[in-house]
1. Among the candidates V61, V57, V17, V28, which residue alone is under 26 Å from G103 (Cα atoms) and among the aliphatic types (A, V, I, L, M)?
2. Could you check how many residues of the range 56-77 are closer than 24 Å to A115 by Cα, in a helix (DSSP H, G or I) and touching a residue at least 12 places away in the same chain (Cβ under 8 Å)?
3. Is there a residue in the range 116-138 that is more than 13 Å from the chain's Cα centre (by Cα), aliphatic (A, V, I, L, M) and surrounded by fewer than 16 Cβ atoms within 10 Å (Cβ to Cβ)?
4. Tally the residues that are assigned to a helix (DSSP H, G or I) and not acidic (D, E), restricting the search to the range 44-55.
5. For the range 1-43, enumerate the residues that are in a helix (DSSP H, G or I), surrounded by fewer than 16 Cβ atoms within 10 Å (Cβ to Cβ) and modelled with pLDDT of 95 or more.
6. Identify, from the list H192, H188, the residue that is in contact with a Ser or Thr (Cβ under 8 Å, 6 or more places away or on another chain) and touching a residue at least 60 places away in the same chain (Cβ under 8 Å).
7. Tell me which helices (runs of 4 or more DSSP H) are completely within the range 160-228 and hold 3 or more residues being under 19 Å from I52 (Cα atoms), or say none if there are none.
8. Just the residues that are part of a helix (DSSP H, G or I) and surrounded by fewer than 19 Cβ atoms within 10 Å (Cβ to Cβ), please, taken from the range 99-115.
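The values are calculated or read from the model by the stated rules, or taken from the named source; none is laboratory data. Fair warning: this is a prediction, and the values are worked out from it, not measured in the lab. Glycine also receives a Cβ, built like all others from the backbone with ideal geometry; neighbour counts cover every protein chain displayed.
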Amino acid sequence: MSDARLPLLVIFDCDGVLVDSEPIASRVLAEALSELGFPLTAQQAIDRYTGISLGAVLALVEAEWGRRLPADFAALLGERDRAAFAAELQPVSGAAEMLAGLGLPRCVASSGTIAKIRGNLSRTGLLQYLEPHLFSATMVARGKPAPDLFLHAAAMMAVPPARCVVIEDSLAGVRAARAAGMCVFGFHGGGHARPDSAAALQATGATRVFSRLCELPGLLASPAPAGD
């Protein structure tokens, strides 16, 4: 493969790719909504809401429920998330070793707030490999599955979209990367992955799928083009 086809930038999603937060966050969300009278299991939260911003999640809940959530719901949910993350959050297996040995520029583009991204990466010892290149959906008009966040990250890193590879665990994230004209690899090694996750990521547009972060350097050496 010619050098022109090799990536110049790796864009990582955070939750479910670098930190194993999705099972925790989904459980906390399900518990909080169920307490209000909107019954939801942790698995349903994963299936419905993985990869999209909290604001979008709450808008979907209100639309389905036909009721407004309490004005302080997001703030209280954030407190419960932080407490659960402080007690339970771990990096995805192999994340530190992969980042330490990755010989390419990298950044994070996540649906979470910058405070959440930085906090979770700090708790898991990964912040040193990624700061200051952290980008949040709060920085753009539209979150995933729109391409805005990935395009913003590429622009801030001064890399053309066609020379970026996105690492995503969610279908919304895969759609966003493809809409941005980027190659996207689907990761299905987080604690929320299901037996059909690899097939779903590939069907949505991931050009590679993998379950162990140690595999990533080899995959990056020969990425498929975004148009495949």
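1. Unique residue meeting the criteria: V17.
2. The number of residues fulfilling the criteria is 9.
3. No - not one qualifying residue is present in the range 116-138.
4. Final tally of qualifying residues: 7.
5. Listed by number, the residues that qualify are S34, E35, L36.
6. Values: H188 fails: touching a residue at least 60 places away in the same chain (Cβ under 8 Å).
Only one candidate passes the filter, namely H192.
7. Working: elements: 171-179, 197-204, 216-220.
Here the list reads 171-179, 197-204.
8. Once the filter is applied, which keeps residues that are part of a helix (DSSP H, G or I) and surrounded by fewer than 19 Cβ atoms within 10 Å (Cβ to Cβ), the range 99-115 yields A100, G101, I114, A115.
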